[in-house]
Amino acid sequence: MDTIKRPFLLLGISLVGFSMLAYEVTLTRIFSVTIWYHYAFMCISIAMLGLSMSGVALYLLSRRFPREKTIQILAVSSLLFSLSIVVSFLVVRSVRFSPSLSVEGLLSALLTFMAISIPFFFGGLAVGMALKHMTAEVGRLYFSDLVGASLGCLLVVPIYNILTAPGVIVLAAVTAALGALCFGVLLSDKRLAAMALTGVIGMTVLLVLDSRWNFLRLKYSKGGAIDHVMFEKWNSFSRVSADPFNLGDRPFGWGLSRAGHWKKPAEIMVGVDASAGTPITHFRGDPNEVEYLKYDVTALAHNLVNRGKVLIIGPGGGRDVLTAMAFGQREIVGVEINPIMVELVNDVFGDFSGRLYQRPNVKVVVDEGRSFISRSQEKFDIIQASMVDTWAASAAGAFALMENNLYTTEAFSEYLAHLTETGILTMSRWYVTMQPGETLRMASLGVASLKEMGIENPQDHIIIAKNLGWLKGGGVATMLLKRTPFTEAEIERISNVCEQLGFGLVVTPRMVYDGRFVPLFEKANISLFFQLYPIDISPPTDDRPFFFHMLRPRDFNRKDLMQGSLNFGENAVNVLVKCLFVVFNLNVVFVFAPLLTFRSASLRREKSKFRYLLFFGCLGLAFMLIEIPTIQRFTLFLGHPVYSMSVGLFALLFFSGIGSLCTDVFALRDSRKALLWILTMIAAILILYIYALPPVFHNLIWLPTHLRVMISIALLCPLGLLMGMPFPLGLKLLNCRVNDLVPWCWAINGAASVLASVLAVAVSITYGFSMSLLAGVAAYLLALSLISGLETPA
């Protein structure tokens with residue numbers, strides 16, 4: 001291809017790559033709202049399946065995709081990709097998804113997943129067609145695809161500050177149509193170019209109209225219709241809505257005592273992804289207006305601190321801030337991860353809230369709580385985190401935010417280190433009478449962090465109280481944790497408050513009232529207790545920070561271990577196992593079975609075909625097993641899950657693209673030798689990262705954000721460069737032997753990525769991020785052994 005036409009080809013491939021990633025990550029955002037974040041993870045698997053199916057089509061229908069029509073097919077498939085993006089979204093938007101196993105539920109799931117796979121089929125067809133028939137350009141093509149995808153990942157985050165999720169979907173369609181236009185210009189086909197230009201203009205008009213009137217807004221959420229709300233705004237990790245709220249004769253609060261006295265204030269309920277809620281309370285500046293907040297079990301710590309300095313992690317609509325004000329605390333610092341929340345309290349509903357976050361003794365910072373504390377030099381009398389959850393999918397994909405770095409032994413140690421000598425850490429979680437899993441796990445974290453400090457009798461430092469007043473079968477429990485033992489006066493004070501307000505004591509230094517908590521404080525082998533307990537209540541760590549996942553994979557279908565209505569974590573594991581089952585069977589039906597059934601004669605004669613297929617399968621498996629945990633490991637260091645997703649995924653994909661481009665310097669006869677060295681270096685770097693990154697992050701976390709971003713990119717650069725090389729080098733080796741195998745390997749690579757996207761999460765939840773990375777190392781070493789057995793091409 002001449003130098004004049006090549007830029008149009010590469011730009012077109014980049015635009016398609018941009019569109020595919022922007023569409024994929026936006027679907028995970030939408031699914032988190034319309035279904036549950038557990039199912040949003042299926043977007044990644046279905047996307048990879050669509051790409052795999054395009055490879056199957058290129059192989060089985062090879063006569064319909066001849067070399068001489070390559071550019072024409074690129075233009076048509078890109079245009080179909082653009083149109084199908086919008087059509088599939090309209091289908092998803094109109095389906096009332098049901099996660100049940102009923103006929104209606106199965107049909108809704110089938111229709112939804114089929115709809116979202118079609119655009120990825122056409123997008124994969126464009127990229128796969130180019131790789132099949134332009135093997136001389138494979139390094140540049142793969143570079144363009146990965147760079148486009150990396151920019152899609154990086155830019156989709158700030159784009160959410162301008163557009164809604166449906167708007168980002170239409171923008172992805174616009175860029176796909178622009179890709180078709182590039183191919184049309186390259187082909188010098190006026191009719192095809194005119195069709196692509198019409199597509200660009202049409203999608204742009206649709207984008208402008210939706211930005212003005214929001215007529216593409218979602219219709220259903222969690223199986224019910226979405227009513228008109230007084231406020232709605234999207235960002236890369238949430239859809240925030242607000243509406244007036246009324247619980248009858250009492251204010252919002254699952255932990256409120258029935259024995260309390262209150263004058264009900266006006267409230268606005270702020271919802272995140274149509275599920276997790278936080279209230280904004282009408283406030284005019286007088287703390288007496290919110291006196292009722294003193295009667296909440298989450299407020300217990302304030303009874304022991306007078307005129308203290310308070311840090312609140314996740315203040316949301318400001319309820320815990322008002323509680324601190326009601327108790328007369330002198331200084332209140334809030335760390336809120338979602339900037340839309342601060343905007344609501346200070347600006348949108350500022351007159352209603354009394355501009356709470358702008359009060360003289362209140363300071364609210366937009367940051368991730370754990371990261372803020374890691375960098376802070378301040379000491380606090382109270383550190384509070386009440387019901388802070390991560391039940392939403394980020395733009396990185398559903399399970400990317402399911403881990404919670406707030407609930408790990410390392411996090412609790414940092415909280416305790418930032419308390420004053422007599423300061424209190426207070427955490428509140430759900431307490432389910434039948435199986436108080438979250439409270440037990442919270443207590444195990446407290447015990448583990450105290451033992452790491454060298455404290456021999458953790459019970460002297462812990463008080464847990466519960467309120468079962470409002471929820472059937474459960475309620476809210478609050479744990480108070482101190483670096484120094486609770487005094488008799490403090491124990492007596494808390495006991496009296498609990499008696500007056502009707503709260504039940506669970507644990508005090510005097511006594512353990514719930515027998516299920518007794519083993520946590522015994523001198524016996526606590527590991528055996530964790531192992532034998534029906535659910536996983538062992539303390540999470542930074543390497544395995546999945547606090548809400550207490551159902552072990554082997555017990556995924558045991559309904560007797562579910563915690564009634566509060567079984568979000570258990571459902572997630574259930575869905576994860578089912579996802580693995582579903583994607584495996586979809587791969588068998590749509591990828592492996594057709595390829596094995598309709599093998600060509602040339603493939604039957606090729607002795608090395610299975611080595612090549614396994615090699616590309618190992619590459620797909622390894623890339624996903626490494627990508628997901630690597631990005632997660634940067635979350636704490638960068639200070640926000642969205643930063644780790646955008647910076648981490650951008651760096652890996654961008655430098656992988658550069659690595660792909662660099663493979664052009666290797667002659668065919670040197671490709672096998674280069675592959676052996678590259679795969680060895682990848683394995684070595686990964687093993688180094690597993691052990692070296694945590695101390696590096698710990699020592700550099702105090703740096704400002706821009707420097708941490710630059711360090712993260714620098715750390716990911718060598719890994720990304722090397723990970724981008726095996727695929728194009730493998731295609732170069734493959735093409736010299738049998739070109740028919742290229743689309744088959746493209747399909748197998750995608751199919752392995754489908755499985756690995758689920759396996760990476762399953763392994764990380766069960767064994768930790770390090771084990772997932774080691775599994776990726778094993779996959780690369782297997783690829784190394786496969787390629788070492790091949791003959792060096794002449």
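Some notes on this structure:
- Residue check, TYR691 out of contact with any Gly (no Cβ under 8 Å at 6 or more places or on another chain), under 30 Å from PHE372 (Cα atoms) and among the aromatic types (Phe, Trp, Tyr): yes
- In the stretch 258-359, counting only strands (runs of 3 or more DSSP E) that sit wholly within it, the ones holding 3 or more residues that are at pLDDT below 90 span 276-281.
- Evaluation of GLU456 against (1) assigned to a loop (DSSP other than H, G, I, E, B); (2) under 15 Å from ILE424 (Cα atoms) (one fails), failing number: (2)
- Screening the candidates SER660, SER712, SER671 for the property of being open to solvent by less than 20 Å² (accessible area, probe 1.4 Å) and farther than 17 Å from THR135 by Cβ yields one hit, SER712.
- When the stretch 674-688 is filtered for residues that are open to solvent by 20 Å² or more (accessible area, probe 1.4 Å) and touching a Leu at 6+ places or on another chain (Cβ under 7 Å), the ones remaining, listed by number, are LEU676, THR680, MET681, ILE685.
- Output for the stretch 223-246, where each listed residue is modelled with pLDDT under 85 and open to solvent by 60 Å² or more (accessible area, probe 1.4 Å): ALA225, ASP227, HIS228, ASN246
- Count of the stretch 203-251 residues which are within 29 Å of the chain's Cα centre (by Cα) and more than 26 Å from ALA176 (Cα to Cα): 17
- Counting only helices (runs of 4 or more DSSP H) wholly contained in the stretch 611-723, the ones carrying 2 or more residues that are under 27 Å from ALA136 (Cβ atoms) and over 19 Å from the mean Cα position of the chain (by Cα) occupy 641-662, 668-700, 705-723.
- With respect to being touching a helix residue (DSSP H, G or I) at 6+ places or on another chain (Cβ under 8 Å), among the charged types (D, E, K, R), farther than 30 Å from LYS5 by Cβ and modelled with pLDDT under 90, LYS219 fits the description.
- Selection over the stretch 483-512 of residues that are under 21 Å from TYR295 (Cβ atoms), in a loop (DSSP other than H, G, I, E, B) and either touching a strand residue (DSSP E or B) at 6+ places or on another chain (Cβ under 6 Å) or of a type in the set (D, E, K, R) (or both) gives a count of 2.
- In the stretch 415-431, the residues that are open to solvent by 10 Å² or more (accessible area, probe 1.4 Å) and either part of a loop (DSSP other than H, G, I, E, B) or in contact with a Leu (Cβ under 7 Å, 6 or more places away or on another chain) (or both): HIS418, TRP430
- Condition check for THR478: open to solvent by 20 Å² or more (accessible area, probe 1.4 Å) and touching a residue at least 40 places away in the same chain (Cβ under 8 Å): no
- Output for the stretch 203-241, where each listed residue is under 28 Å from SER644 (Cβ atoms) and part of a strand (DSSP E or B): SER221, GLU232, LYS233, TRP234, ASN235, SER238, ARG239, VAL240, SER241
- Here is the figure for the stretch 360-376: residues that are part of a helix (DSSP H, G or I), open to solvent by 10 Å² or more (accessible area, probe 1.4 Å) and touching a helix residue (DSSP H, G or I) at 6+ places or on another chain (Cβ under 7 Å) total 1.
- Filter result for LEU755 (under 20 Å from THR28 (Cβ atoms), open to solvent by 10 Å² or more (accessible area, probe 1.4 Å) and in a helix (DSSP H, G or I)): yes
The values are calculated or read from the model by the stated rules, or taken from the named source; none is laboratory data. Note that the structure is predicted; figures quoted are calculated from it, not measured. Reconstructed Cβ throughout: ideal geometry from the backbone, glycine too, with neighbour counts over all protein chains shown. The protein model used for the area step is the full one, side chains on, heavy atoms only, and it has no ligands, DNA or RNA in it. Shrake-Rupley method; radii C 1.70, N 1.55, O 1.52, S 1.80 Å.
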